[in-house]
Amino acid sequence: MKLSALITYLGAAALVTAESCTYWDSFGGGRTLKGRCTTRYGCANIGGFTVDNRCSGGSNNKCCLTHYNCNDSSSTCLNTFGDGASLCNQMGGRWLSGKCPGPSNVKCCEYPKPAGWRKRESGARSS
């Protein structure tokens, strides 16, 4: 198993037992996004972005939301600071505005497709 796939798997497994959270956003006509509470680092490891003040457990516990394919199959919405910025830079990505739900510090990171890339389904869920 490739390291990136393992990190994604382990990060997703950690979120399964986490407290759930929601965030209403007007992006795309308005919808409620569902996520899981975790740290900024844990969220960045699964390609997600965080929203403050949605989870119990102190200031390090953030609502982690995922929204893949914000521009095409090699893009994901990330926070433009901290771990999200580091992840986008490590992937050789560039920031695109107006493609993601969430606060203004969340932007689409478009990155080069790695060899053998398969399209990933969007992780954003609405209700």
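Among the residues of the range 100-109, how many are of a type outside the set (Gly, Ala, Ser) and either surrounded by fewer than 19 Cβ atoms within 10 Å (Cβ to Cβ) or in contact (Cβ under 8 Å) with a residue 60 or more places away in the chain (or both)?
Number satisfying all stated conditions: 4.
Considering only the range 38-62, state which residues are surrounded by fewer than 22 Cβ atoms within 10 Å (Cβ to Cβ) and touching a Lys or Arg at 6+ places or on another chain (Cβ under 7 Å).
Thr39, Arg40, Asp52
How about the range 95-118: which of its residues are touching a strand residue (DSSP E or B) at 6+ places or on another chain (Cβ under 6 Å), at pLDDT 85 or above and of a type in the set (Gly, Ala, Ser)?
Of everything in the range 95-118, just one residue is touching a strand residue (DSSP E or B) at 6+ places or on another chain (Cβ under 6 Å), at pLDDT 85 or above and of a type in the set (Gly, Ala, Ser), namely Ser97.
Starting from the range 34-48, take each residue that is among the hydrophobic types (A, V, I, L, M, F, W, C) and list its partners that are outside any helix (DSSP H, G or I) and modelled with pLDDT under 85, counting only C-beta distances under 8 angstrom and pairs at least six apart or across chains.
Close Cβ pairs satisfying both conditions: Cys37/Ala18; Cys37/Gly57.
The values are calculated or read from the model by the stated rules, or taken from the named source; none is laboratory data. Note that the structure is predicted; figures quoted are calculated from it, not measured. Don't worry about glycine lacking a Cβ; one is built from the backbone with ideal geometry, like all the others, and counts go over all protein chains shown.
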